[in-house]
Amino acid sequence: MTPPPGYILIRPETLAGVQKAVEAALGTSAAECLAAGGRAGGAVATAALQGDAASRAQRLLSAGREIGWGDFALERLTPTTLVVTVAGSPFARAYGAASGPVCHLTRGVLEALAATVLATPARLVETACAATGAAVCRFESVA
Ligand SMILES: [Zn+2]
């Protein structure tokens, strides 16, 4: 099992362990720490994208699928709105049942994408998460 160039393999259970420890230490601000990590990796990923906004978005979502982050689907992309769903998030699965969304790493990556495909940078909110029993995780930009 050789990861693609520039990547390492890491079990989602390892990341869930980090996430739960950071949550225990920091409480609700842990989510933003994890999203910051997602934004850092997402910045590298989005820097390599070419083409118009739609093709850059589709390329990043395809890459997410290819590296095992779940089945990404672009639900809506306009100059001011980005909505992405992810089926089978390994982060939600590894975390287990939760009372709120847990896919903060994915959210951060999608915030990096939003920064490159929207007219103005936007925060994203995970409005549904498989860890809370939703069918898919859903990420929506908020102005
Ligand atoms: Zn989720």
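What number of residues within the stretch 74-87 satisfy the criterion of being of a type in the set (A, V, I, L, M), away from the ligand (no atom under 14 Å from the Cβ) and open to solvent by 20 Å² or more (accessible area, probe 1.4 Å)?
Qualifying residue count, the stretch 74-87: 2.
Across the stretch 88-120, what is the number of residues that are open to solvent by 20 Å² or more (accessible area, probe 1.4 Å), of a type in the set (V, I, T) and closer than 15 Å to L61 by Cα?
Result for the stretch 88-120: 2.
Collect the residues in the stretch 57-73 that are open to solvent by less than 50 Å² (accessible area, probe 1.4 Å) and at negative phi, keeping them in residue-number order.
Within the stretch 57-73, A57, L60, L61, S62, A63, G64, F72, A73 qualify.
Okay, residues lined up against (1) over 26 Å from V22 (Cβ atoms); (2) at pLDDT 95 or above; (3) in contact with a His (Cβ under 8 Å, 6 or more places away or on another chain):
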residue: L74; (1), (2), (3): yes, yes, no
residue: P79; (1), (2), (3): yes, yes, no
residue: V86; (1), (2), (3): no, yes, no
residue: A97; (1), (2), (3): no, yes, no
residue: A114; (1), (2), (3): no, yes, no
residue: P121; (1), (2), (3): no, no, no
residue: G133; (1), (2), (3): no, yes, no
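Being without any contact (Cβ under 8 Å) to a residue 40 or more places away in the chain and assigned to a loop (DSSP other than H, G, I, E, B) narrows it down to one residue among S99, S62; which is it?
Result: S99 is the single residue among S99, S62 that is without any contact (Cβ under 8 Å) to a residue 40 or more places away in the chain and assigned to a loop (DSSP other than H, G, I, E, B).
Show the residue pairs meeting these rules: Cβ distance below 9 Å; 6+ apart or different chains; first residue within the stretch 111-134 and free of Cβ contacts under 8 Å to residues at least 24 places away in the same chain and in a loop (DSSP other than H, G, I, E, B); second residue open to solvent by less than 30 Å² (accessible area, probe 1.4 Å) and not hydrophobic (A, V, I, L, M, F, W, C).
Close Cβ pairs satisfying both conditions: P121/E111.
Please go through the stretch 99-143 and give me each residue that is among the polar types (S, T, N, Q) and within 9 Å of the ligand (Cβ to nearest atom), ordered by number.
Listed by number, the residues that qualify are T106, T132.
The values are calculated or read from the model by the stated rules, or taken from the named source; none is laboratory data. What you are looking at is a predicted structure, and each value in this text was computed from that prediction instead of being measured. We place every Cβ from the backbone using ideal geometry, glycine too, and count neighbours over all the protein chains shown. Areas reflect the complete protein model, heavy atoms only, side chains present, ligands, DNA and RNA absent. Shrake-Rupley method; radii C 1.70, N 1.55, O 1.52, S 1.80 Å.
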